[in-house]
Amino acid sequence: MEHAIAVQLKNITKRFGKVVANDSVNLEIRRGEILSLLGENGSGKTTLMNMLAGIYFPDEGEILVNGQVVTIASPKDAYAYGIGMIHQHFKLVDVFTAAENIVLGLEEEGKLDLKAASARITEICRKYGFHIEPSKKVYDMSVSEKQTVEIVKVLYRGADILILDEPTAVLTPQETDRLFDVMRNMKADGKAMVIITHKLHEVMDVSDRVAVLRKGQYIGDVATCDTSPQKLTDMMVGHAVTLNIDRPDPKNATPRLEVKNLTVYDAMGVKRLDDVNFTAMGGEILGIAGIAGSGQKELLESIAGLQPLQPGASIRYTPIGEGTSVDLVGKTPLQIKRAGVSLAFVPEDRLGMGLVGSLGMTGNMLLRSYRKGHGAFTDRKAPKKLAEEVKAELDVVTPSINFPVRRLSGGNVQKVLVGREIAQEPSVLMTAYAVRGLDINTSYTIYNLLTEQKMKGVAVIYVGEDLDVLLELCDRILVLCGGQVSGVVDARSTTKEDVGLLMTRFKKEAVEA
């Protein structure tokens, strides 16, 4: 069945200084179809869609909407042509209601009629299968509800060409299924949709056609029914890639980190963790699952000495080989290090907490070792060598190892951070969203590196958002819901649906494998 072409991109080129983000890209977006846009980090996917959304303006080429050449110089222009983009990071005002956020910025004659707006919002929700209360405040909403507001906001403005950037990154499996049902309803209504995602199983599930970019160039498109995850990965990378996560059974698993009665309040007095208890074993990967904001960040920061704990908490560390156990409670990160604790931490905030953006790779490697210098001098040879090794092993795209990391793409920044921490040869390795924003090829490299650490007797704590990966990579999965442990399950025998239910507290019994 032929679909009418909604948008044509012809020879679109976009440069940022000397970097060519998109190089003469030609792409068609069709009505009544869901198009997946795939590519490695830095391949230009989001940049290309940002030009359709009016955020960037192309240096060369032309955009046709419904066969007519158009100029899209702002998001307002994009809406005028029926194009709306739902970004990965929501752009909502927390203290406003759903209805107020949806109509915010619209130019309407006379006094704003929120009652009429709410009625129209309810009609849009009924038509496509959304569930949203127009009068509900954004700060009271779940992540999926906020995403729904963003989508309805675009539809309310008349968009019939929708672009979704990593829409399932922080959703549970059940929420993802509901989103895909809504997308199919919109497709049936003749909407044209583009989904940017790294999750190949979702591409195969929801899309009709897949377009692939590689290093800013358009490689081609293929009907989803005629391809496979392996073929798509090979197209993205340019050569055959193995998509297998090796998960050997834990050997000689011993307690490496014992956490008891861990309760944490934030600066506003809100309880973020509530009596958390678990043991991380050396020689295993312990996955941490949960909806965004369930306490994952606070849990890792508490262990690393970055969060004040309530009385009664205990975090006992036992090193690999000989050595006495150490209680980490009450110690700063520096005191933890001086106590001989070999702890590596890949935080969620890459540039705010993990790296110094103005420094290059060498400078950021030096942050881990500058105290090893003698007198007023620091050892710069070892950090430089490590920077070169990380650049080569993880294929970090940078002009040089002294190029400021804040000017690298998000995926390359993550490679620098993960590579540095793994190189410390820790006894406990904690990672928060270690592969967020990374392409498939690099993600599998990271998975294999974590497995290598596990086989060395390291206790690996892996906070992830992709349940398929958690089930394939980890040995056990601890599920957090609202700051509490709702279950600890065996990753080899549980299902994605069971973990999703624990994430939303529908299944309250905790199963200790």
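Which ones in the stretch 43-53 are under 20 Å from ARG30 (Cβ atoms) and assigned to a loop (DSSP other than H, G, I, E, B)? Steps first, answer last, please.
The initial filter retains those residues of the stretch 43-53 that are under 20 Å from ARG30 (Cβ atoms), namely 45, 48-49, 51-53.
Matches in the stretch 43-53: ALA53 only.
Okay, residues lined up against (1) surrounded by fewer than 17 Cβ atoms within 10 Å (Cβ to Cβ); (2) touching a helix residue (DSSP H, G or I) at 6+ places or on another chain (Cβ under 6 Å); (3) outside the structural domain of ILE29 (by TED's automatic domain parsing); (4) not basic (Lys, Arg):
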residue	(1), (2), (3), (4)
ILE163	no, yes, no, yes
THR168	no, yes, no, yes
GLU175	no, yes, no, yes
LYS191	no, no, no, no
THR197	no, no, no, yes
CYS225	yes, no, no, yes
GLN230	yes, no, no, yes
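When you check MET430 against the structure, is it buried (at least 22 other Cβ atoms within 10 Å of the Cβ) and in contact (Cβ under 8 Å) with a residue 40 or more places away in the chain, yes or no?
So MET430 passes the test.
Only one of THR263, THR324 is β-branched (Val, Ile, Thr) and surrounded by fewer than 14 Cβ atoms within 10 Å (Cβ to Cβ). Can you tell me which?
THR324
Any residue at all in the stretch 260-278 that is touching a Gly at 6+ places or on another chain (Cβ under 8 Å) and either at positive phi or outside the structural domain of GLY321 (by TED's automatic domain parsing) (or both)?
yes
Quick test of your reading of the structure: ALA292 fulfils all but one of (1) hydrophobic (A, V, I, L, M, F, W, C); (2) farther than 14 Å from TYR462 by Cα; (3) assigned to a strand (DSSP E or B). Name the failing condition by number.
Answer for ALA292: the failing condition is (3).
Out of the residues in the stretch 461-513 meeting the condition of being assigned to a loop (DSSP other than H, G, I, E, B) and under 21 Å from LYS260 (Cα atoms), tell me which one is modelled with the highest pLDDT.
The initial filter retains those residues of the stretch 461-513 that are assigned to a loop (DSSP other than H, G, I, E, B), namely 464-466, 474-475, 482-483, 491-495, 504-511, 513.
Checking the rest, the ones that are also under 21 Å from LYS260 (Cα atoms) come to 475, 482-483, 508-511, 513.
Numbers: ASP475: 96, GLY482: 87, GLY483: 91, LYS508: 46, GLU509: 46, ALA510: 43, VAL511: 43, ALA513: 41.
Per the stated criteria, the residue is ASP475.
Would you say THR176 is at pLDDT below 90, under 30 Å from ASN22 (Cβ atoms) and either in a helix (DSSP H, G or I) or charged (D, E, K, R) (or both)?
For THR176, the condition - at pLDDT below 90, under 30 Å from ASN22 (Cβ atoms) and either in a helix (DSSP H, G or I) or charged (D, E, K, R) (or both) - is met.
In the stretch 213-244, how many residues are β-branched (Val, Ile, Thr) and either modelled with pLDDT of 85 or more or under 19 Å from LEU9 (Cα atoms) (or both)?
Residues that pass the stated criteria total 5.
The values are calculated or read from the model by the stated rules, or taken from the named source; none is laboratory data. Predicted model, so just to flag it, every value in this text is computed and none were measured. Please note: Cβ atoms are built from the backbone with ideal geometry, for glycine as well, and neighbour counts cover all protein chains shown.
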